[in-house]
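Chemist: Have a look at this one before I ask anything.
Laboratory data are not the source of any read-out in this text; all were calculated from the coordinates shown. These numbers come from a predicted model, not from an experiment. Note that we place each Cβ from the backbone using ideal geometry, even for glycine, and neighbour counts take in every protein chain shown.
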Amino acid sequence: MAGWKRFVSLLVLVLVMVGNALPVMAAEIDSQEFKQQKLKFMFVKLLWENWPHKDSGYEIKWGGSTHKTIAGEVGRAMGIGDPYLTTFREYSVKPDEEDSMWWPPWCPDRLCKHVYDPELHFGSAPQACSEKAWDAISNYRQGKLREAYQELGRAAHYLMDVGNPYHSNLEGDPHTNKLKHDFYEKYVEGNIQKLGLDTIAYSAPKITITNPYTAVEELASFSRMYKYSLDSAIGVRCNFYDPTGVCLEWEAYAVDEALIKMVAKTMIQKTAGYTKGLIEYFERNN
């Protein structure tokens, strides 16, 4: 009986100690979660402040000629005829015009829907592509063909975006990334014909996909490693300092143009291959 009483006393003591500790543990967990959320907010804030795709100006190059080139050549290769080829091509740039620059406040769609970093598990491009792909299929099944190819173009946009290494690897200084990001996109857009990127897109081997969501993840994982190549191939320098030595004008420039060309050709081919797979997926599910 005495042993039983001792056991009960010990149990009560343990419960009291645990009960006293729980609020402290909860406070520590809340504090850790708050710190993580604060770091995430600061990360997104820095990304957004240095994100190129905020307007319809010259900075949106991957979203302009490059998107349309890939969509047009891939659509033609997959046998999409007009008027739907033109619809698919033109709507492959729409998300850069339509997605909000302020909503949701914790990560605007103009940023989050257009990126996916598989190492940081950041960005919603896989979900955005998947949703638009199924919107396309749903419209087609209802006989709304024009709307179907509009949505397919939007889905292709989110897939193509992660074919740019600066959309799939967000590591590094955001300001430096922005300069190199801009330089790479302008270089690709300005050399489509010279590098034969249109022909590469047309003849790219089709990559069969079974799920648009995982297709974006796969392309992002492939694309991500090429940021390191681009970072070494593109330099950053200051063009103008103020009297105190503060740089007022930064510029990115080619350190190794041959490497930039290699990355551009590799990524256009892989991106076009996945885009062909997206079209096939759409057709297979109609």
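Chemist: Return a whole-number percent for the relative contact order of region 73-189, with Cα pairs under 8 Å and 6 or more residues apart as the contact set.
Modeler: 26 percent
Chemist: Students often check this: by mean Cβ neighbours within 10 Å, which of 87-99, 119-131 ranks highest, and how do the rest follow?
Modeler: 87-99, 119-131
Chemist: Quick one: Ser138, Ser232, fewest Cβ neighbours within 10 Å first, how do they rank?
Modeler: Fewest to most other Cβ atoms nearby, the residues stand as Ser232, Ser138.
Chemist: In what order do Phe43, Phe183 fall by count of nearby beta-carbon atoms within 10 Å, going from fewest to most?
Modeler: Fewest-to-most Cβ neighbours within 10 Å comes out as Phe43, Phe183.
Chemist: May I ask you to sort Tyr158, Tyr241 by Cβ crowding, counting other Cβ atoms within 10 Å and putting the fewest first?
Modeler: Ordered by Cβ neighbours within 10 Å, fewest first: Tyr241, Tyr158.
Chemist: Using a ≥ b ≥ c from the Cα gyration tensor of region 101-194 (square roots of the eigenvalues), is it rounded, prolate or oblate, where a/c under 1.5 gives rounded and otherwise the larger of a/b and b/c decides, a/b for prolate?
Modeler: oblate
Chemist: Another question, if that's okay. Figure the gain on full extension for Thr176 and Lys45 (residue separation times 0.36 nm, minus the Cα-Cα span) and round it to one decimal in nm.
Modeler: Stretched out fully, the Thr176 to Lys45 stretch lengthens by 45.6 nm.
Chemist: While we're looking at this one, here's another question. Taking a ≥ b ≥ c as the square roots of the Cα gyration tensor eigenvalues, with a/c under 1.5 meaning rounded and otherwise prolate when a/b beats b/c, else oblate, which class fits region 175-219?
Modeler: Verdict is oblate for region 175-219.
Chemist: Restricting things to alpha carbons, tell me how big region 59-134 is in terms of Rg and Dmax, in Å.
Modeler: Both quantities, over Cα of region 59-134: 13.9, 41 Å.
Chemist: Over what distance in Å are the Cα centres of region 126-172 and region 189-259 separated?
Modeler: 21 Å
Chemist: Can you list the residues, at least 5 places off or on another chain, whose amide H is less than 5 Å from the amide H of Trp250, using H built in the peptide plane?
Modeler: For Trp250, whose amide H was placed from the backbone, the distant partners under 5 Å are Asn239.
Chemist: Would you mind getting me the FRET efficiency between Gln269 and His121? Use the beta-carbon distance for r and R0 = 35 Å, nearest 0.05.
Modeler: For R0 = 35 Å, the calculated efficiency reads 0.85.
Chemist: Is there a pair in Lys144/Lys194; Lys144/Lys227; Lys68/Lys178; Lys178/Lys206; Lys132/Lys194 whose C-alpha atoms are over 28 Å apart, and which pairs would that be?
Modeler: Lys144/Lys194; Lys144/Lys227; Lys178/Lys206; Lys132/Lys194
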